[in-house]
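Accompanying notes for the structure given below.
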Amino acid sequence: MSQNTASTSYPGLSDPLYADLIDGVTGTAKRVIVGLNWTLVEGEQGAGLAHTPTRGTNGCQSLPDPGHYVDRDLSGLASMIASDNIFEITIAIAAINAFHNRFDCKGSTRNGLDLVTANGLKTVVIGRFPGLEKRMPGAAVIEREPGPDDYPETAAEDLLPRCEHLIITASTLLDGALPHLLSLAPQAYTVLLGPGTPLAKSLFQHGVDAASGLVVEDIAALAAAIAEGGAVRAMKRYARNLTVLKTDMETAGSG
């Protein structure tokens, strides 16, 4: 396991979960785009995404070294998880995903939301996904900026230790919140979900049961969409949903 000595303003990023995601990353960045909504890093064997942050960016905050992230080792970009610059952290997560979400990655085509059945407050969702109220009526939704039917972030301390199913947006990777959320619900069947989800088996060592993300199929078209401010709907036509299950890894390991 590699060591992560992050001195970032997000303490959770120093958790071993991130060191495990970075460990073994290889390859070179062929393309880096920090778009309005999404950040893209293209490697030699795959492409990775991360949600471009809007909160805490102090307006138009610059990257320290613009124009010089391409052609760097993915491992070097991934190590920027220790950066104090939120956009470098975003590039780091996209670089991690560029390694793990390879073009030939295999898994289930099921949407991660379909792995969980709503069961009132026993089902907790971190982050409101489009159409969630129809897919999971009655589930407890925790939002950073809660709407009328949502719970605030502080409710996690009470709801998560008692839930049976937990769905977490991959955006929690960016500010280091994910490890703490996982620690609150070791009993829950947990799905990490969203385009920025790394399809990495190391997540299963930290409490994730299913990782549901995207594998890019048309990198040129996706890069153009992201550069022009495309959101999830625009990106999905150039990628495929893929879900990797902990149970599949355990079965493969015992075979």
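Laboratory data are not the source of any read-out in this text; all were calculated from the coordinates shown. Since the structure is predicted, the reported quantities are computational estimates derived from the model, not experimental observations. Glycine gets a Cβ as well: all are built from the backbone with ideal geometry, and neighbour counts include every protein chain shown.
Taken about its Cα centre, region 69-206 carries a charge dipole of roughly 600 debye when the Cβ of each Lys and Arg holds +1 and the Cβ of each Asp and Glu holds -1. Here the spin labels are modelled as points 7 Å beyond Cα on the Cα-Cβ line, and at residue 132 and residue 109 they lie 2.7 nm apart.
Modelled spin labels at residue 240 and residue 149, positioned 7 Å past Cα toward Cβ, are 3.4 nm from each other. Considering only region 2-148, what is the antiparallel percent among its DSSP beta bridges, to the nearest 5? In region 2-148, DSSP labels about 75 percent of beta bridges as antiparallel. Secondary structure note: in the chain, about 55% of the DSSP beta bridges are antiparallel.
Sorting 13-22, 239-248, 79-88 by their mean Cβ neighbour count within 10 Å, with the most densely packed peptide first, gives 13-22, 79-88, 239-248. Using the membrane-span-like helix rule (whole DSSP H runs, Cα extent along the own axis of at least 20 Å, mean Kyte-Doolittle hydropathy at least 0.0), which helices of the chain qualify? Sorted by number, the helices that extend far enough and score high enough are 86-100.
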